[in-house]
Structure formats: C-alpha cells, structure tokens
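Enquirer: Would you mind keeping the following structure in view while I ask a few things?
The values are calculated or read from the model by the stated rules, or taken from the named source; none is laboratory data. As the structure is a prediction and not an experimental result, all values here were calculated from the model. Methodologically, a virtual Cβ is constructed for each residue, glycine included, from the backbone with ideal geometry; neighbour enumeration extends over all protein chains shown. Quick note on the areas: whole protein, heavy atoms, side chains included, nothing else; ligands and nucleic acids left out. Shrake-Rupley method; radii C 1.70, N 1.55, O 1.52, S 1.80 Å.
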Amino acid sequence: MKIYDFEGFPNPARVRIALKEKGLFDQVEFISINVPEGEHRKPEFVEKNPSAAVPVLELDDGTTISECSAITEYIDNLTGEQELTGKSPKERGVIAMMQRRAEAGLLDAVGTYFHHATPGLGKAIETYQCAEWGNHQKERAVSTMRYLDTVLAQQPYLAGDGFSVADITAFAGLGFADFAGVETPADCKNLAQWRAKVEARPSIAG
C-alpha cells in the first residue's frame, strides 16, 4: 500500500494513527505531497483524487481511496477485526455518527476558520477567503468542544466504552485547533482528561 500525505497535517494524522492502532504502519509506503507548495494541485495528483486533498491510499492494483473515513474503514477491515469502526450494527452506527459529528463540527470547522479567517497557507493556496464564514465556523468548533465534553461526562470514549475512529478524528481536530489558535474552553474538564488519555496511547505517544 502507498499513502500520499503531508506529515503533520490533521487528516494525514488520522490515517497514521489508525495504521499504528492496527499494527500496519510498517506495511505502508508514505509519499509526501507538499501541500504548502501546491503539489496537491498538480494534474498527476488530481488524477488520483479529484478533490486535490491528502491523504490518498493507493492499493497494489492501482485502486485509489480518498477521504479519511473511507481509508480508515478499509484499514480496519484488513486484519479481520474491526476495532476502530465497530463490530455490531449498533456499534458501527454509533461510531459513524460520532465520527461525523467530530469531523464536521470540530475538525472541518477549524479547517474552515483556518483557511478563511487567518492567512492560512498563504495567498498562493488560499485563493478565496470569507472571514465571516470562517469566524462563524470557529464558533461552531468551540460549541462542538462543549458538546463532546458533555458526551465524555457519561462515557470514557466518544462512541462508548472503546477507542474508535471518532476519538481519532476529535483528537486530530483538537490538535488542529491548537495550531489555528482556537482555544478549548477551560471548563471542558472531561474533554481535557480524555485528550490526555488518548495522547498517552502508543499509536500517538510513539
């Protein structure tokens, strides 16, 4: 397998964490796509992913899979045990729901703020910006942090008792928020405790 990504970016981080959780990290060839330099917009990469976004998984037969949730779904099924995406229909439904809430409400919202209401990746990359929309999404991100805090008051992980892709996405979202200057509310104690617990996992702590 090959993964086209840019190390340090939040979405590539999600896939890298999943690979480490599954013990597959060493079976992947990583190919760096220099997003700040615009390499993701070159025709040869756009052919692999029309959305011109990293990461992209390329299989041995040439099949390409983009979108983090799709890549993680594939990875989680490789070993026969679905530890990250759920085993039963109920687990899969709840995990998918919470993963999407963390993705849209936190990670994507922070991304919109970063790309629209800050200098982002620079004028060469940020060809269109709407600061009002970006700042609105910043508010959404903070609201989602508060929501996740209430969820974690009732259970150890975002989708229940076990660590899942929902936790990976939220963790990456909080890291992106730190980078973009979106502060986690100080009173989100449950979220802070959960974050410290997740950060200590071998797949993240190294």
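Enquirer: Please sort 89-100, 67-78 by packing, taking for each peptide the average over its residues of neighbouring beta carbons within 10 angstrom, highest first.
Expert: On the way: 89-100: 16.4, 67-78: 18.2.
Result, highest mean first: 67-78, 89-100.
Enquirer: How much length, in nm to one decimal, is gained on full extension between D178 and S51, taken as 0.36 nm per residue of separation minus their Cα-Cα distance?
Expert: 43.2 nm
Enquirer: Find out how many positive minus negative residues lie around L152, taking Lys and Arg as positive, Asp and Glu as negative, among other residues whose Cβ is under 15 Å from that of L152.
Expert: So the surrounding residues net to 0.
Enquirer: In addition: Quick one: of K2/K87; K20/K197; K2/K48, which pairs are farther than 19 Å apart, Cα to Cα?
Expert: The pairs that break the limit, which is 19 Å between Cα atoms, are K2/K87.
Enquirer: Next question, about the same structure. Would you mind working out the accessible area per residue for the chain, using a 1.4 Å probe, and quoting it in Å²?
Expert: Result: 51 Å² per residue.
Enquirer: Using the Cα centre as the reference, give the magnitude of the dipole from point charges on the C-beta atoms of the chain (Lys, Arg: +1; Asp, Glu: -1; all else neutral), rounded to the nearest 20 debye.
Expert: Values: 21 positive and 30 negative charges, 113 e Å.
Dipole size: approximately 540 debye.
Enquirer: A follow-up question, please. Determine, from the Cβ-Cβ distance of S32 and D60 and an R0 of 25 Å, the FRET efficiency 1/(1 + (r/R0)^6), rounded to the nearest 0.05.
Expert: Computed FRET efficiency for S32 and D60 comes out at 0.80.
Enquirer: Just report the Cα centroid separation between the range 150-171 and the range 51-77, whole Å.
Expert: Computed from Cα coordinates, the inter-centre distance equals 24 Å.
Enquirer: OK, next. If you stretched the chain out fully between K123 and R100, how much longer would it get, using 0.36 nm times the residue separation minus the C-alpha to C-alpha distance?
Expert: Taking K123 through R100 to full extension adds about 5.3 nm, to one decimal.
Enquirer: Which whole-number percentage describes the relative contact order of the range 28-187, with Cα contacts under 8 Å and a sequence gap of 6 or more?
Expert: 21
Enquirer: First compute the accessible area of the range 13-62 with a 1.4 Å probe, then give the percent of it belonging to carbon and sulfur atoms.
Expert: Of all accessible area on the range 13-62, carbon and sulfur atoms account for 45 percent.
Enquirer: At F25 and Y147, where each label point lies 7 Å from the Cα along Cα→Cβ, what is the point-to-point distance in nanometres?
Expert: 3.1
Enquirer: With only Lys, Arg, Asp and Glu charged, each at its Cβ (+1 for the first two, -1 for the last two), find how big the charge dipole of the range 114-206 is about the Cα centre; round to the nearest 20 debye.
Expert: 80
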